[in-house]
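The structure appears below as structure tokens.
All of the numbers you see were taken from the coordinates with simple rules; none came from a lab. From a predicted model like this one, the values you see are computed outputs, not experimental measurements. We place every Cβ from the backbone using ideal geometry, glycine too, and count neighbours over all the protein chains shown.
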Amino acid sequence: MDILVNNLGGSETQGGGFAVLNDDDWESTLQTNLLAPVRLDRGFLPQMVERGNGVIIHIASIQAKLPLFDATLPYAAAKAGLINYSKNLSNEVSPKGVRVLTVSPGWINTDGSTGMMKEIAERTGVTIEEAVQQVMKSLGGIPYGRPAQPKEVAELVGFLVSPRANYLTGTEFVIDGGTIPTI
């Protein structure tokens, strides 16, 4: 069985909301977070359909539903588009044997997020631990009390591509430690 996991994502837009964003900010963010997965699917999906099996996992973000408009508006919009695209692609290719799923993590403790905490701490004159608390507060809190570890997200993806998840398709799985406050 063929498996495609698209884990590309990120944003380099400056803070300040809509008024400070230009076309290049939008274009580069949409290219990375929405159009790159579409291109990967175009490259791999025909072979999956031909074989009659496969799994595609798109890694989105809780920001699709909980955007931080002041900092990552284009990223949130692109990830919302990715979730919509994934659902629609699933409707098209699931009858042909290819499952399409979306995983939407909250904050993940990566090298990049560690660097961001250091930068916030230096810029604002607080400790790294205080910077972590500030970010968790900006997200509305993380009831679990910490960001996810990358291996926790990988475990979910591993399950979703396994035969144990054969009946799952067209669904978004949120892994955010309880961050999104709605059901």
What is the spin-label model distance, in nm, from Glu50 to Leu35 if the labels are put 7 Å beyond Cα along the C-beta direction? 2.7
Can you list the HN-Hα couplings for the range 50-64, worked out from phi with the Karplus curve (6.51, -1.76, 1.60; θ = phi - 60°), rounded to whole Hz and with x for Gly and Pro? 4, 7, x, 7, x, 9, 10, 10, 9, 8, 9, 6, 5, 5, 4
Amide H to amide H under 5 Å from Val5: which residues, 5+ apart in sequence or cross-chain, H placed 1.01 Å off N in plane? Ile57
Candidate values (1) 31, 19, 13; (2) 41, 18, 17; (3) 27, 22, 15, label of the one derived for semi-axes √(5λ) of the Cα gyration tensor in Å: (1)
Calculate one ³J(HN,Hα) per residue across the range 132-139 by plugging θ = phi - 60° into the Karplus curve 6.51 cos²θ - 1.76 cosθ + 1.60, and present them in order as whole Hz with x for glycine and proline. 4, 5, 4, 5, 4, 5, 5, 7
Quick one: putting +1 on the C-beta of Lys and Arg, -1 on the C-beta of Asp and Glu, what dipole do you get for the chain around its Cα centre, in Debye to the nearest 20? 660
With the charge dipole of the range 83-153 built from beta-carbon charges (+1 for Lys and Arg, -1 for Asp and Glu) about the Cα centre, the Cα from Asn88, Met116, Gln149 projecting farthest to the positive end belongs to Asn88
Subtract the Cα-Cα distance of Leu68 and Tyr167 from 0.36 nm times their separation in residues, and report this length gain in nm to one decimal. 32.3 nm
Would you mind computing, in nm to one decimal, how far apart the modelled labels at Ser28 and Ser138 are, each placed 7 Å from Cα along Cα→Cβ? 1.8
In straight Cα distance, which aspartates and glutamates are under 12 Å from Lys87, not counting same-chain residues fewer than 8 positions off? Glu172
Residue-by-residue Karplus 3J(HN,Hα) for the range 103-113, coefficients 6.51, -1.76, 1.60, Hz, glycine and proline x: 10, 10, x, x, 5, 10, 7, 9, 4, x, 6
Cα-Cα over 24 Å, subset of Lys79/Lys137; Lys96/Lys151; Lys118/Lys151: Lys96/Lys151
Rounded to the nearest 0.05, what FRET efficiency is calculated for Leu21 and Ser113 with R0 set to 35 Å and r the Cβ-Cβ distance? 0.95
What number, rounded to the nearest 500 deg cm²/dmol, is the helix-based mean residue ellipticity at 222 nm of the chain, given -39500 (n - 2.57) per DSSP H run of at least four residues and division by all its residues? -15000 deg cm²/dmol
